[in-house]
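Notes follow the structure.
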Amino acid sequence: MRPSDLLMGATLSSVHNSRTPVVLLQMANLVSGVGNGAVMIIIPWLVLEETESAAAAGLVAALSTIPAIIVVPAVGVAIDRVGRKSISVLSDIASAVSVFAFPVVGWLVGLDLAWILVLAIVGASLDPAGYTARKSLIVDAARAGGVRLEALNGVHEALFAVGWTVGPLVGAGLIATMGAEQAMWIPGGLFVIAAACIWAMRVGDAGQESRILAGSDTGAVGLTRGLVALWSDKALRTLTIALMVLAGVYLPTESVILPVYFESLGQPKGLGLVIAGLAGGSVVGALSYGWLSKRWTPYQIIRAALIGTAISVIPMSFLPPLPLLVVFGLVLGLSWGPMEPLLNTLVQARIPAHEQGRVFSIQLTAFYVFPPMVMLATGAASEQWGVRAVYPVLAAVLVVTLMVTLSLSAIRDVDRPIEN
């Protein structure tokens, strides 16, 4: 047992093994996901109302991600140095203010494209801090509540997926009933609720306690420590890179390939059914991780997930009839679902507590950068050659990636305990 484990145990004994922190963390996780999902729909609608230009909506979406890519690595340092709970609360409050600013600015001076772009960039720069801090708090909530870490990781990712699925529906309903500008009051309120839930949590901070015992890091060393920690663990490094590449295939399926295909057929309901299958499968898959972790080793879960992903994506890439697409989409979601909670668990088990925020932020940066690049390339290629030609190529890249991943000896080291 590490000294930090003893200190954490002493700290959390005062929390009386209450499940309340677990409930509060997941409430914040869910309402934040709904809020972000709603904003994701409302902002493009505002741009279209102002400019009637799809290109302008795409420009705002693209430009708003750039500052987030720069900010995310620093977010991890703040979480590890300032504290998980503090950064989560501050981030959600700041996100609420940035969202409330839309109707306020609209009332004061009127929203135009420039204002929408500025506010979208500010909001996108703030969101990753709350997301990463809440993920870092899973360990503290699990220990406070006496909950298995693996099970809570699965619940956390499943509820976040539910939030992102429900959020766009909420956003669309708000636009229809309140108008896009006034609709922003609701997701802003959800961010306030998320901040209040985290503020009300009574938990220790494993990161701060571990940092005290390990000695603080400062300057450039502190900024690069997360990358060094991730790169030093061959198994975690290999898995992160593999999942980044695989996400570059998975995400364009949802956001580019299927929308283009069903739009060409004039079947929006078909698109909705397949996306529902993907989303529902991913939620069930994430929830199943706690059950799977009791019965399989991490490597066995990875192998099953990657093989299941290939088995579903390969036939999907040939765009079969709708019923088969729905079934394969469900299998794809089920297969992919356990991977995010597994990755969380491996970071929590293999990385020192005072460096976990930085490692989570490095991983988030990778997922911010690579999949959107593939989505842009997929969109351009689909426009040039059609989705029936492009999707099998993406599937082939996925199969090659998973074969290489499963053949590497480093990936088998995920089953090897490590003293962090």
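Counting Lys and Arg as +1 and Asp and Glu as -1, what is the net charge of the other residues whose Cβ lies under 15 Å from the Cβ of Arg412?
+2
Rounded to whole Å, give me the distance from the Cα center of the range 18-49 to that of the range 86-101.
Going from one Cα centre to the other spans 12 Å.
Label-point separation (nm) for Leu265 and Val404, each offset 7 Å from Cα along Cα-to-Cβ?
Placing both labels 7 Å beyond Cα along the Cβ direction yields 3.2 nm.
What does the charge count around Phe100 come to, taking other residues whose C-beta lies under 14 Å from its C-beta (Lys +1, Arg +1, Asp -1, Glu -1)?
Computed value for this residue: -2.
Taking a quarter of the surface of the convex hull around the Cα atoms of the range 226-415, what do you get in nm²?
Working: hull surface 41.0 nm².
Over every viewing direction, the Cα hull of the range 226-415 projects on average to 10.2 nm².
Most mobile of Ala56, Ala247, Ala38 per a Gaussian network model of the chain (Cα springs, under 10 Å)?
It is Ala56.
Taking the Cα atoms of the chain, report the difference between the largest and smallest coordinate on each principal axis, in whole Å and largest first.
Cα extents, longest axis first: 61, 57, 38 Å.
Taking amide H positions as placed 1.01 Å from N in the peptide plane, with prolines and chain starts having none, which residues 5 or more places from Leu137, or on another chain, fall under 5 Å of its amide H?
Residues meeting the amide H criterion: none.
If you take the beta carbon distance between Arg412 and Arg237 as r and set R0 to 22 Å, what does 1/(1 + (r/R0)^6) give as a FRET efficiency, to the nearest 0.05?
Plugging the Cβ-Cβ distance into 1/(1 + (r/R0)^6) gives 0.95.
Note down the nm distance, to one decimal, between modelled labels 7 Å out along Cα→Cβ at Lys294 and at Glu52.
Result: 6.0 nm between the two label points.
Return a whole-number percent for the relative contact order of the range 226-415, with Cα pairs under 8 Å and 6 or more residues apart as the contact set.
About 42 percent, as a whole number.
With unit charges on the beta carbons (Lys and Arg positive, Asp and Glu negative) and the dipole taken about the Cα centre of the chain, which residue among Trp115, Pro321, Leu230 sits farthest to the positive side?
It is Leu230.
Can you tally the lysine pairs in the chain where the Cα-Cα distance is under 30 Å and the two residues are eight or more apart, or on different chains? List each step's numbers first, then the result.
Numbers: Lys85/Lys135; Lys85/Lys234; Lys85/Lys294; Lys135/Lys234; Lys135/Lys294; Lys234/Lys294.
Close lysine pairs found across the chain: 6.
Only the coordinates and a few stated rules stand behind these numbers; no lab work does. Note that the structure is predicted; figures quoted are calculated from it, not measured. Ideal geometry is used to build each Cβ from the backbone, glycine not excepted, and the neighbour counts take in all protein chains shown.
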